[in-house]
Every structure is written in C-alpha cells, then in structure tokens.
Amino acid sequence: MTGYDFSFEILSRYTNESKKWLRYFQRSAAMLDLHVTYRTRGIPHGRVEVYVTVEGHLHAMQSLYRQLPELAIHFIRVAGKPTTLTKYVLVPFFAANEKGVKEITDFVFKVTDDLGAQPAPLSISTNLAEKVKAKGKHPRENRAIQTIVHALDNWLSGKLSNENTVILCDQGIEDWLKARLRLPRSSKKGFHDVTNLALESGLISRMEAYRLCRFHSTRNRVQHRDGKVGWQTVLSMLSYCIQLINNHD
C-alpha cells in the first residue's frame, strides 16, 4: 500500500462543480479499492485551493489515471457545461493528478531498485507508462505493451472476462517478443517458436520461457477448448507479463 497527494487551484465560483467531480472521482477510485479524501480552502483573489490524497495499491492508482479521460467524458455528459468544466476544473485537476501519479511511480520503482526487489505487482514504470500513452503510428513494441495494459485496465474495471483477458495478454506478450526480436510482420512463427528464439537470443531466460509457455497453454485451453480460468490465474499471468516487460524495458 502507498499513497500520494496533490493540490490545484480553481476560481471560487466553480467550487460546487469541483466537488461534484471529486465525489465522482472518489466513487470511481473506490471501485479499485483506492481511498480518496479531499478538502478545500479559500485563498486570496477569489480562488480556492483543493487538496486531494489517494491511498492504495500503485497499480490501481495507475489504472485509475489511465481511465480518467473516459471517466471525465461520462461525467461531462451527465453534468453538462463541457467547456466550463474542462477548462476550470478538469484541466487543473488532471495536471496535478498526473504529476502525483508520476512522482509516486518513480519513488516506488527507485526504492525497489535500490533494494534489489521487484516493484509492486501489476504496476508499470514511468517509461512504460509513456509507451502506453503513445498514439498513432508507433513501434510495434508500444502497441504490444498497450494491449497488455489495456487488458489489465479492462479486467480491473470488470469490463473484460477472465478468459478474454488471458487471450489478450497472451497475444500482447507474443507481439512484444516478436517486436523485440525484430521479426518481420509477415512472420508465421507461432508462440513456441518465438519463445525459443527469444531464449536463444538471450532476450529471456529459460525460466521466463517456461512460465510464458505455461500461460500460453492456458490461453489455448480457453480459446480452443472453451476452458475457464479463475481470477488467481489471470492475476498471476498479468503480474508476470508486466514484470517481464518492466525488467526488459
């Protein structure tokens, strides 16, 4: 468990709109087992300072941050006043929250690196977070990472079943291996061939190859034999694949 805080300023006449958004943010955070508190105080020149704290697991903080644009669109549709809310409430909130998430991510990854430990399960480094945000025509590796992280976010928010999450994560890690190996897009090599190439090239270790093939077997059981998987298996697979790309970033 960890936490971060941040503050931003708004014009006092937008205090009510700000509190409505913060309550919505608070409810959304609670769905990821995050605890959010906030308070406001008046400051000179007709302005209000809003102070927010977020506590919980790092991966949940990161996932909530990635889902904020979608949440904001939904909030604006219900609340109305899109221009006003965006300019005077959401823009300062987003900027301050983004800084807070980045700072806690950098801190946690630095501490774990200094201790020679693994970062918190399911959390991604700041560098990988930038690759997840990348839009348009970008390297295949970025798109593979985006597939894995989007699967994580949709699974955490209940939008993706255990089975579909396993399929997407497996596809993402295969695409990531192909990208790192610089295989041509037209390559017909299957998962096991790609894993063996990654092992032979030194990209992954024998144990990593073994674990990935075990997860791939689970994916095959789901996709080709209508198999079912429990949340523990999904959590283990996502955690391992994210740890792998963190370690090789």
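Quick notes on this structure:
- Among residues of the stretch 147-173, those that are in a helix (DSSP H, G or I) and touching a residue at least 24 places away in the same chain (Cβ under 8 Å), counted: 18
- Filter pass, E208 being touching a residue at least 12 places away in the same chain (Cβ under 8 Å), surrounded by fewer than 20 Cβ atoms within 10 Å (Cβ to Cβ), of a type in the set (D, E) and not assigned by TED's automatic domain parsing to the domain that holds L64: yes
- One residue stands out in the stretch 52-88 among those that are modelled with pLDDT under 95 and of a type in the set (V, I, T): the one that is surrounded by the most Cβ atoms within 10 Å (Cβ to Cβ), namely I76.
- Selection status of A96, under 25 Å from L64 (Cβ atoms), over 17 Å from the mean Cα position of the chain (by Cα), in a loop (DSSP other than H, G, I, E, B) and of a type outside the set (D, E): no
- The criterion of being surrounded by 13 or more Cβ atoms within 10 Å (Cβ to Cβ) and under 24 Å from D106 (Cβ atoms) holds for D153.
- Residue satisfying all of: in the stretch 1-26; over 25 Å from the mean Cα position of the chain (by Cα) and in a strand (DSSP E or B); farthest from G158 (Cα to Cα) among these: L11
- Taken over the stretch 220-249, residues that are closer than 19 Å to G158 by Cα and among the basic types (K, R) amount to 1.
- Residues of the stretch 34-47 satisfying the condition of being of a type outside the set (A, V, I, L, M) and surrounded by 12 or more Cβ atoms within 10 Å (Cβ to Cβ): H35, T37, Y38, T40, R47
- The stretch 210-246 - residue that is aromatic (F, W, Y) and within 22 Å of the chain's Cα centre (by Cα) and, of those, nearest to P121 (Cα to Cα): Y240
- Whichever residue in the stretch 122-143 is assigned to a loop (DSSP other than H, G, I, E, B) and modelled with pLDDT of 85 or more and, among such residues, is farthest from M1 (Cα to Cα): P139
- For the stretch 27-61, the set of residues classified as touching a strand residue (DSSP E or B) at 6+ places or on another chain (Cβ under 8 Å), farther than 17 Å from A95 by Cα and part of a helix (DSSP H, G or I) consists of A29, A30, L58, listed by residue number.
- Taken over the stretch 149-182, the residue count meeting the criterion of being at pLDDT below 95 and of a type in the set (G, A, S) is 3.
- Condition check for I104: of a type outside the set (S, T, N, Q) and free of Cβ contacts under 8 Å to residues at least 24 places away in the same chain: no
- Residue check, N196 modelled with pLDDT under 95 and part of a helix (DSSP H, G or I): no
- Members of the stretch 69-87 that are touching a Leu at 6+ places or on another chain (Cβ under 9 Å) and either of a type outside the set (V, I, T) or closer than 23 Å to K131 by Cβ (or both): L71, A72, F75, A79
The values are calculated or read from the model by the stated rules, or taken from the named source; none is laboratory data. This one's a predicted model, so the numbers in the text were calculated from it and none came from an experiment. Methodologically, a virtual Cβ is constructed for each residue, glycine included, from the backbone with ideal geometry; neighbour enumeration extends over all protein chains shown.
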